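First, the structure itself, so that you have it in front of you.
Quick note: the coordinates plus some simple rules give every number you see, no bench work behind them. Worth saying up front: this structure is predicted, and the values here are computed from it rather than measured. So basically every Cβ, Gly included, is an ideal-geometry build from the backbone, and we count neighbours across all protein chains shown.
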Amino acid sequence: MEQEPQDHRDKDDLVASLIRAAGRRTEPPEEAYRQVLGAATDALRRKTAQRHERTWLLWAGAAGVAVFAIALMLQWTPPAAQREPIARIERVIGAVEQGTGDVWSPLGEATVAFSRGTQIRTLAGGAAGLMLESGASLRLAADTEIMLDTPSHLYLRRGTIYLDNFGSGGTGYRIETPAGTARDVGTQFELKVSGKTLRLRVREGRVEIDRAGALLTGSAGEQLELDLLGGVTRSPLAATDVAWQWAESVAPAPDIDGQPASVLLAWVARETGRQLHYESTAVETRAANVILHGNIRHLAPLAALDAMLATTDLEYTLVGDTMEVHVRTGL
C-alpha cells in the first residue's frame, strides 16, 4: 500500500496543533468539530500542492484563526432547549439593531422577545428600553452594545446602560465589561465602559465593582470613575441631576388608562429620583380617587404627568428632590 508522503503527515499534525492551540471554551458538537477540522485540512492540502512552504504556513495560520472564530460562534449559539425568552423590548428611539453572530438587523418595538446570546446595539442618536424576564428595567444609551446571557447576567461591550431592578425578583444582577464586573445590591444605576475605563453612577442602593479581584463599592448619590491604572475618583451626583434624563426618556411607561392619578404620580417620582409628598391627607385621597384615561407610552415621565394632570384638578411643583402635589386653585 502506498504511504502518504511525510510532508502531508507533518502538515496534518500542524493543522491539528493549530486547532488545539486555538482552544474551545465551550465544547462544540463532535460532528461539527470533525467537519471544521476536515474542511481546514482538505483546503490546506489543495493549497500546498501548488505553493511553497512559506505560503503554506500562512494558509495554516489563517485556518487556525478561522477555526477559533467558528468555535466562538458555536459558543454563543445556545441549544434549542435554552432559547426561552429572557427579555422583551419596551421602547426604541432612533437606530437600534439586534444581532446573532455577525448578522445585524434593524430592531423595532414589534419585536416580541430575546433569547440567550442575542446582541443589541444602539447607533448614534439611538436608545432602547428592555424589560428583563426577572422584572428589571434595562436601558441602553446611544452607541452601546450588549449581549444577553440570562435574565440577571449580561455583557456590556461598550457604551452606557441603566438598570432599575425595582419590582424584580431581588438583587444579584451581574454585568460584565472589559474593565470589570458590576453587581447590584437593590439599585438604580448607570454603567459606562470605554475600553478599559469604567464609570459607575448610583442613583439608589449600592453597586459592587470587581476589577481583577479588587472590590469597590458605590453608594446612592455617588459617581465612581476607574482609570486604566486602577485609580478611582469619587464625586457626588444627585438623583435629580440632568445626567439621568436620557434614562428617563426610555423608561417603560405603565398602562395608566383607568388607573388612579396616584399610580402615575408614584411612577414619575421614582423615575425622576424624587420623593413624593402630598400637601395634605385630603389631596392624597383626591389623587387616589381621580381616574385617568389615555396612553403615555411614548412620553417621558414629566411630560406624561403634565399631559395627564391637565385634565384634573391636581397639580405639582418640584422643590429640590421633592415632588409636591396639591389641588389646583382658582377652579
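Along the range 256-268, what does the Karplus equation 6.51 cos²θ - 1.76 cosθ + 1.60 (θ = phi - 60°) give for ³J(HN,Hα), rounded to whole Hz, x for Gly and Pro?
9, 5, x, 9, x, 4, 4, 5, 5, 4, 5, 5, 5
OK, next. With Cβ to Cβ distances under 9 Å as the rule, what net charge do the other residues near His326 carry (K, R +1; D, E -1)? Don't skip to the end; give the middle numbers.
Details: positive: Arg328; negative: Glu279, Glu315, Glu324.
Once positives and negatives cancel, what remains is -2.
Sort 206-217, 127-138 for me by packing, meaning the mean count of neighbouring Cβ atoms within 10 Å per residue, highest on top. Can you show the working numbers first?
Working: 206-217: 15.0, 127-138: 21.4.
Going from most to least packed, we get 127-138, 206-217.
Only Cα pairs under 8 Å and at least 6 apart count here; give the relative contact order of the range 166-319 as a rounded whole percent.
Numbers: 250 pairs, mean separation 22.3, N = 154.
14 percent.
Can I ask one more? With Cβ to Cβ distances under 10 Å as the rule, what net charge do the other residues near Tyr173 carry (K, R +1; D, E -1)? The partial results should precede the final answer.
Working: positive: Arg174, Arg183; negative: Asp184.
That sum, taken over residues with Cβ under 10 Å, equals +1.
Taking θ as phi - 60°, what are the ³J(HN,Hα) couplings along the range 286-299 by the Karplus curve (6.51, -1.76, 1.60), each to the nearest whole Hz, with x for Gly and Pro?
Values, residue by residue: 4, 5, 6, 9, 6, 9, 9, 9, x, 10, 10, 3, 9, 10 Hz.
How large is the direction-averaged shadow of the alpha-carbon convex hull of the range 148-287, in nm²? Please list the in-between numbers first.
On the way: hull surface 39.2 nm².
Spelled out: convex hull of the Cα atoms, projected over all directions, averaged, 9.8 nm².
What is the extension gain from Thr285 to Ala310, computed as 0.36 nm multiplied by their sequence separation minus the C-alpha to C-alpha distance, in nm to one decimal?
Values: separation 25, 0.36 × 25 = 9.00 nm, distance 1.83 nm.
Difference between extended and current length: 7.2 nm.
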